[in-house]
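Shown next, in structure tokens, is the structure this report addresses.
Coordinate-derived values only; no laboratory data. Nothing here was measured: the structure is a model prediction, and the numbers come from that model. Cβ atoms come from the backbone with ideal geometry, glycine included; neighbour counts cover every protein chain shown.
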Number of protein chains: 2
Amino acid sequence: MRDTKIADLLQTEHLLQEYTVKGWVRAFRSNRFIALNDGSTLHNLQCVVDFDNTPEEVLKRINIGAAIAVKGELKESEGKGQRVEIDVKEIEILGEANPDEVKKTILQPKRHSLEKLREQAHLRVRTNTFGAIMRVRSKLSYAVHQYFNQKGFYYVNTPIITGSDAEGAGEMFKVTNFNLEDLPKTEDGKIDFKQDFFGKETNLTVSGQLEAEAYAMGLGQVYTFGPTFRAENSNTSRHLAEFWMIEPEMAFCDLDGNMDLAEEFIKYILNYVLENCDNDLEFLENRLIQEDKSKPEKDRAPMQLREKLRFITENNFKRVSYTEAIEILRNSKPNKKKKFDYVIEDWGADLQSEHERYLVEKHFKCPVILFDYPADIKAFYMRLNEDGKTVRAMDVLFPGIGEMVGGSQREERLDVLQAKMKELDVDEKELWWYLDTRKFGTCVHSGFGLGFERLVLFATGMSNIRDVIPFPRTPKNAEF
Amino acid sequence: MRDTKIADLLQTEHLLQEYTVKGWVRAFRSNRFIALNDGSTLHNLQCVVDFDNTPEEVLKRINIGAAIAVKGELKESEGKGQRVEIDVKEIEILGEANPDEVKKTILQPKRHSLEKLREQAHLRVRTNTFGAIMRVRSKLSYAVHQYFNQKGFYYVNTPIITGSDAEGAGEMFKVTNFNLEDLPKTEDGKIDFKQDFFGKETNLTVSGQLEAEAYAMGLGQVYTFGPTFRAENSNTSRHLAEFWMIEPEMAFCDLDGNMDLAEEFIKYILNYVLENCDNDLEFLENRLIQEDKSKPEKDRAPMQLREKLRFITENNFKRVSYTEAIEILRNSKPNKKKKFDYVIEDWGADLQSEHERYLVEKHFKCPVILFDYPADIKAFYMRLNEDGKTVRAMDVLFPGIGEMVGGSQREERLDVLQAKMKELDVDEKELWWYLDTRKFGTCVHSGFGLGFERLVLFATGMSNIRDVIPFPRTPKNAEF
């Protein structure tokens, strides 16, 4: 379908043959060496132009950003930095790039800030950094599907538009088909949502979990992987209004099985990128090393990127109860010296990223799974323990980032669930169908949620979540 | 993590060993034979209860819908209909199902209408039909990712919330964080969208194509697979307000390459389910055969389900220009006899499903790709041919359903694109970034869109699109 891809050419053993390659000019040195990139790989193909026999007319149109086709023989490279190169016989300019216009964009080859790159999110994928990030992101996605498929999980597309606002995971966006300038009213002056598209108020989902639970009660093991939304006005490097979430849900599985799955799953997908994205990871790793050079020593990354990924894939995850963790934290140096922003005093405190990172990075020196959290700081659907005050929740904690996964064994007992919903004012009428799953063959079941962008952030070593999704959605920003 | 899955047990060679199996009771005959299902496969495991040594107390709780665990030896079955069965030694009731309550639901084993099943979409996945549909759906999804990964495509998550309404593919839902009862106004009395979450009006996407094009200009070959939305008040068996779409986009690829890809892709994923979902397809095929028996002969399916899938995978797709197709249709019997609802008179007519099906089912007797459609009936971004009146569009036509895929080579020439946008009143300012892709190294590129539910409909033989997505969203319906 397409001509030869650069990723393939750079690896082929079939030299001294003629190939046609198409891509975009990344550099053009000495009117002779074109660095050509087609997106299939981080690496450019060196194309050696026959200066004397190429019309000046063509030479001056070989500008950075231009799309070109080159035809020529693939040879061992005499220069350094590449194994092979193309000896160009024919060259065609497919799409020009005016150098004066290019100068106004981030295609201009110089250091641009990540902020500036974000403003040109439609072009940033043509840079080495964003090409690498997006290839890693794609491979991580694939690994997710491959893992679950191998394990016999079925992929379920839970609804994006929901009539429920009971999920409780955060503030929701409203979805409507009304003309906002002319809202229909009921007799008593309220908005008449019966006349809206769905005949009631609707929102964008914050989680597919509840629907996935219903499906796990039929298919056994399922997972979602789709967009979720939060209308929270958080303008931070950790929050997006629109992000992708992975949520497996398993019937006949308790919290231990859930922890086993989370650990195995995360190791699998990170191993997958270690094995399949080495070029891109190496580039991103070097990028971080450069970045670190301008930082004071104490702010530098304690591990290099691939080392950090292997820290996850090669260590056993330490499983610790919340109660134990609180003891450790309470007696820790930073707590006693009040170095934490939030000093831990009593059992029941909600852990912050600084505490989670302390446990992983300083205390245990391995990934950690905390479990059996206080019921008061967790959601209504989590299974109550016999002690009556903790629930079978678990969080997987990573270095540098804190919580990577949050999950739980679900409350499968109808009466306990109903009591909890009443206590927290969750509307039973709205979740009638969810309660049904506890009426007809209820069973022990568990699942977790993993915010995909947070994982991509970890795997690429980027520090702002807006840089790991193609077109980020944040407060006051829905460009592109 | 879990105990043995029924899908594995039914295939294992390791008989005469003890297994623990958990699932839901589908039937309980003669106080002796439990048909147990755990969702891993269509088939039930026969569990033979030792009536004499099982307390009545337990026996009477083995009701349809109950979740149970059985432990016992796997043996060759003496009865018909199964190769193996479990000789139950221990049985545990995990979650009851009150028979009086079950009677009020579609779990009650009798024929329920599809409408009724839709009203209990949270339970219908426990029926044979919906278990089969959703397993096939999941496997189709997986095949999509596997195909594109193998071909070197990168998966791109284009935004769901969009500030653009220029995509032109249909009516859009609005997304807002406003309190609709108290909308902020500007001085001149209009709604002040600057105060909304994103600082402007936003909608739910109708397509990720334009963003995917921008990404193809960096990564070369990309695809999207995500939810898209239409706020059209179409209460038909073919329309959903929320559905999943697959959209590949390829740089340096013309319409021929696009047709090659579409054909290869569709064959790959249908072959995948033929190879990996035979049980489920067989069940769905028999369901259709039963259904057909109650129909007059002329309304019966001309091909059985798997035969119909092989009709796609084993035939070459016939490629025909729109102009040729119009000639064929104009001279066809149903047109002359005015049997078509829409009689074809002139070149330029938009084809209906009845015409598309005629071409596939009666005239060519194979899948058909029509190309080079009149510009007037196609979107602004399709590449204009030299004739000035047709565009490089293509539709892939299937039996029984008509259009399955719609795609095009994209207009890569900036001036032609701008002229077209002006003509159709598409706002250049809003699509500044899209135009940029034509300014900096533009190139021939192509892509297509495939509505995933339409494919699942085809692969499962279902006739209402609401039955191939877990929780359908349609006018006046956003339940669950």
Would you mind giving the mean number of other chain beta-carbons within 10 Å of the Cβ of each residue in A:427-433, as a whole number?
2
I need to check one value: relative contact order of the stretch B:29-80, counting alpha carbon pairs closer than 8 Å and at least 6 residues apart, in percent.
25
For the rotation that superimposes chain A on chain B, which residue of A has the C-beta lying nearest to the axis, and at what distance in Å?
A:HIS145, 2
Across B:30-39, the residue-averaged tally of Cβ atoms belonging to other chains within 10 Å stands at 2
Assume the label is 7 Å from Cα along Cα to beta carbon: what separations in nm does B:GLU187 have to the matching positions in the other copies?
4.2
Inter-copy distances for B:LYS365, nm, shortest first, label points 7 Å along Cα→Cβ, are 7.5
Dimensionless Rg ratio for the protein assembly as shown, taking C-alpha atoms and the 2.2 N^0.38 Å reference:
0.98
Beta bridges by DSSP in the stretch B:6-103, antiparallel share as percent, to the nearest 5:
90
Could you tell me which GluC sites (Glu not before Pro) in the stretch A:1-100 are loop residues by DSSP with no more than 15 other beta carbons within 10 angstrom of their beta carbon?
A:GLU13, A:GLU78
Where the centroid of each part is defined by its Cα atoms, how far is the stretch A:237-263 from the stretch A:356-401 in Å?
13
Please report, in Å, the Rg and the Dmax of chain B, where both are computed over Cα atoms only.
26.7, 85
For A:ASP292, the net charge from surrounding residues (Cβ-Cβ under 12 Å; K, R +1; D, E -1) works out to +1
What is the distance, in nm, between label points placed 7 Å from the Cα along the Cα-to-Cβ direction at B:GLU171 and at B:LYS298?
3.5
Per q in 0.11, 0.13, 0.23 1/Å, what log10 I(q)/I(0) does a Debye calculation on the alpha-carbon atoms of the stretch B:6-103 return?
-0.28, -0.40, -1.25
Copies compared at B:GLU56 - label distances in nm, ascending, label defined 7 Å from Cα in the Cβ direction
10.8
Under unit Cβ charges (Lys, Arg +1; Asp, Glu -1), what dipole magnitude, rounded to 20 debye, does the stretch A:6-103 have relative to its Cα centre?
340
Any trypsin sites (Lys or Arg not before Pro) in the stretch B:1-91 that lie in a DSSP loop and have at most 13 other Cβ atoms within 10 Å would be B:LYS60, B:LYS80, B:ARG83
Extend 7 Å from the Cα of A:THR323 along its Cα-to-C-beta direction; within the stretch A:339-357, residues with backbone N under 13 Å of that point are A:347-348
For chain B, percent of DSSP beta bridges that are antiparallel (nearest 5) comes out at 90
Rounded to the nearest 500, the 222 nm mean residue ellipticity computed for the protein assembly as shown from DSSP H runs (n ≥ 4, each -39500 (n - 2.57)) alone is -8500 deg cm²/dmol
Evaluate peptide B:3-13: per residue, the Cβ atoms of other protein chains within 10 Å of its Cβ; return the mean as an integer.
1
